[in-house]
Amino acid sequence: MTGLLHLSLSRNTIRHVAAGAFADLRALRALHLDGNRLTSLGEGQLRGLVNLRHLILSNNQLAALAASALDDCAETLEDLDLSYNNLEQLPWEALGRLGNVNTLGLDHNLLASVPAGAFSRLHKLARLDMTSNRLTTIPPDPLFSRLPLLARPRGSPASALVLAFGGNPLHCNCELVWLRRLAREDDLEACASPPALGGRYFWAVGEEEFVCEPPVVTHRSPPLAVPAGRPAALRCRAVGDPEPRVRWVSPQGRLLGNSSRARAFPNGTLELLVTEPGDGGIFTCIAANAAGEATAAVELTVGPPPPPQLANSTSCDPPRDGDPDALTPPSAASASAKVADTVPPTDRGVQVTEHGATAALVQWPDQRPIPGIRMYQIQYNSSADDILVYRMIPADSRSFLLTDLASGRTYDLCVLAVYEDSATGLTATRPVGCARFSTEPALRPCGAPHAPFLGGTMIIALGGVIVASVLVFIFVLLMRYKVHGGQPPGKAKTPAPVSSVCSQTNGALGPTPTAPAPEPSAPRAHTVVQLDCESWGPSHEPTGP
């Protein structure tokens, strides 16, 4: 149907439109796709609609709109309706090329900001609806100051712009004074903040109440000293209304931003990934908003590089039970329990294969595709603080043993490759991957024995040694006595008078009369319980030749 002028596919359940589906409808002027279930609009789905004037995409589930989706109809489109969708971002540069658009519906979406000058080239725009989004402010635009702004289209002159922005959480400060000064009819716009103006109608608030607070620097890093080759983090915090934007100026007067050697964060932190001797000096933190700016200085000293360190040892003693540094591979149960908490890695090669209470083994794959790698950088922090810890690893390493961890904490860890950029000759970094792991809880140390218990044990042990020594001595004497036939060692067996013989049967001591000699054939029996005598005698030996 190449001659078709109007195509309505409203209120169906269309979820997807194939690329080039309308490519042959070059005469089509109106396309209604409202009331469907579209989630995105790509670059080729509206290809060939070179005469399209009305495009209605309201009441879908659009969350993404490609920058080139409207290229073929950018010069002819007069009516674009994107209301009642889930759009958080829009290709504002592409919308700015719709030079013939008359009506633009962006209401009932999730837009939180509009860039300055987004509508400056829409000279034929007569109605702009941004109702019920998440806008806290609306930046000034040349289009708004060039045309009178109205709230309702009834009786509006041809040169007027009907602007609707009610239902947004407007922050009524000095950034909206320009809009307050424009003459327009009263509408339902209201202030959501600051607290003193919350709930009041926008047009009932006087211009003198739209005020801002200049920024004040509340925190900055103390003077830092790092060796060359190590990273450095400079921090600056500021408050104000509106929230200040923090920028950094180098000691040489250059404005710093994201690059291969530096990274600027929205919270005011400047991270130098690899410091060089020429990086030292006074860095300036500039916090600025619509009410003014504030500055603060942070001194950085870059010293000589540290001596080289071994990255890891390939041989180690086997782990002992109870050793907090003993590494154990994570079990399947614990691994499955942590799947939901795993940080999405930039490269799934980085793994924490073993971890204990205070140590963890990190491994990563070979990065041969990256030429000129100088070293690897490991950065990690625990769940208890946001201070990053850095480790610089030689380029030939593929693993590293962390031994300064705290027990029972969750760590986020990333590995970066530090290499020399052949195009610029500067040192650059490229992420290898990230991982999250948890250290084991600390083992409860064994308690030392109490002093009284230890003293009693020592006394018992010493007493046992003494008693054992006495028994051994007595046993040796008895054996020697039996071996020598009752004679003391070294003496002949000659008859001699008994000077004194002591035997114990009931504990009494005293001399006993000489007993008659037994018969030679009679066996000799000796029963000695205790010997306590001053001399020896042959009283127990048989008499006779």
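The values are calculated or read from the model by the stated rules, or taken from the named source; none is laboratory data. Just so you know, these numbers come straight off a predicted model, no measurement behind them. Cβ: placed from backbone, ideal geometry, glycine included. Neighbour counts: every protein chain shown. The protein model used for the area step is the full one, side chains on, heavy atoms only, and it has no ligands, DNA or RNA in it. Shrake-Rupley method; radii C 1.70, N 1.55, O 1.52, S 1.80 Å.
Of all residues in the range 116-136, how many are closer than 17 Å to CYS174 by Cα and open to solvent by 40 Å² or more (accessible area, probe 1.4 Å)? Before you say what the answer is, go through the steps one by one.
First, pick out the residues of the range 116-136 that are closer than 17 Å to CYS174 by Cα: 116, 135-136.
Keeping just the survivors that are open to solvent by 40 Å² or more (accessible area, probe 1.4 Å) gives 116, 136.
The qualifying residues number 2.
Name the residues in the range 90-117 that are closer than 15 Å to ILE138 by Cα and either at pLDDT 90 or above or assigned to a strand (DSSP E or B) (or both), would you? Even if it seems obvious, please write down each step before you answer.
Filtering the range 90-117 for residues closer than 15 Å to ILE138 by Cα gives 92, 106-107, 110-117.
Scanning the range 90-117 gives TRP92, LEU106, ASP107, LEU110, LEU111, ALA112, SER113, VAL114, PRO115.
Tell me the residue from GLY280, GLY303, GLY292 that is open to solvent by less than 40 Å² (accessible area, probe 1.4 Å), among the small types (Gly, Ala, Ser) and either on the phi > 0 side of the Ramachandran plot or modelled with pLDDT under 65 (or both), please.
On the way: GLY280 fails: either on the phi > 0 side of the Ramachandran plot or modelled with pLDDT under 65 (or both); GLY303 fails: either on the phi > 0 side of the Ramachandran plot or modelled with pLDDT under 65 (or both).
One residue alone meets the criteria, GLY292.
Give the residue that is nearest to ALA233 (Cα to Cα), with candidates limited to residues of the range 204-223 that are hydrophobic (A, V, I, L, M, F, W, C) and crowded, with 16+ Cβ neighbours inside 10 Å. So that I can check it myself, show each step before the final result.
Our first condition is that a residue be hydrophobic (A, V, I, L, M, F, W, C); within the range 204-223, this holds for 204-205, 210-212, 216-217.
Cutting the leftovers down to crowded, with 16+ Cβ neighbours inside 10 Å gives us 205, 210, 212, 217.
Details: VAL205: 43, PHE210: 37, CYS212: 30, VAL217: 17 Å.
Across the range 204-223, the extreme among qualifying residues is VAL217.
Restricting attention to the range 9-38, report how many residues are hydroxyl-bearing (Ser, Thr, Tyr) and open to solvent by 70 Å² or more (accessible area, probe 1.4 Å). Spell out how you get there, then give the answer.
Filtering the range 9-38 for residues hydroxyl-bearing (Ser, Thr, Tyr) gives 10, 13.
Subset that is open to solvent by 70 Å² or more (accessible area, probe 1.4 Å): 13.
Qualifying residue count, the range 9-38: 1.
Within the range 384-398, is there a residue that is at pLDDT 80 or above, more than 20 Å from ARG261 (Cα to Cα) and open to solvent by less than 70 Å² (accessible area, probe 1.4 Å)?
Checked the range 384-398: at least one residue is at pLDDT 80 or above, more than 20 Å from ARG261 (Cα to Cα) and open to solvent by less than 70 Å² (accessible area, probe 1.4 Å).
In contact with a strand residue (DSSP E or B) (Cβ under 6 Å, 6 or more places away or on another chain) and at pLDDT 85 or above: which single residue out of SER250, SER260 fits that description? Reasoning before the result, please.
Numbers: SER260 fails: at pLDDT 85 or above.
Unique residue meeting the criteria: SER250.
Of everything in the range 247-268, what is in contact (Cβ under 8 Å) with a residue 24 or more places away in the chain and under 21 Å from MET392 (Cα atoms)? Give them in sequence order.
SER260, ARG261
What are the residue pairs meeting all of these: first residue in the range 97-126, first residue farther than 23 Å from ARG29 by Cβ and of a type in the set (S, T, N, Q), second residue outside any loop (DSSP other than H, G, I, E, B) and open to solvent by less than 10 Å² (accessible area, probe 1.4 Å), Cβ atoms under 6 Å, and 6 or more apart or on different chains?
Listed pairs, sorted by first residue: SER120/LEU143.
How many residues does the range 71-89 contain that are over 20 Å from ASN36 (Cβ atoms) and either open to solvent by less than 60 Å² (accessible area, probe 1.4 Å) or outside any loop (DSSP other than H, G, I, E, B) (or both)?
2
Is it true that VAL211 is in contact with a strand residue (DSSP E or B) (Cβ under 9 Å, 6 or more places away or on another chain), in a loop (DSSP other than H, G, I, E, B), of a type in the set (A, V, I, L, M, F, W, C) and over 19 Å from PHE165 (Cβ atoms)?
On the way: in contact with a strand residue (DSSP E or B) (Cβ under 9 Å, 6 or more places away or on another chain): yes; in a loop (DSSP other than H, G, I, E, B): yes; of a type in the set (A, V, I, L, M, F, W, C): yes; over 19 Å from PHE165 (Cβ atoms): yes.
So VAL211 passes the test.
Which condition from (1) surrounded by fewer than 19 Cβ atoms within 10 Å (Cβ to Cβ); (2) touching a strand residue (DSSP E or B) at 6+ places or on another chain (Cβ under 7 Å); (3) not hydroxyl-bearing (Ser, Thr, Tyr) is the one that LEU57 breaks?
Every listed condition holds for LEU57 apart from (1).
Can you name the number of the only condition in (1) at pLDDT 55 or above; (2) closer than 30 Å to ALA357 by Cβ; (3) open to solvent by 70 Å² or more (accessible area, probe 1.4 Å) that THR439 fails?
Unmet condition: (3).
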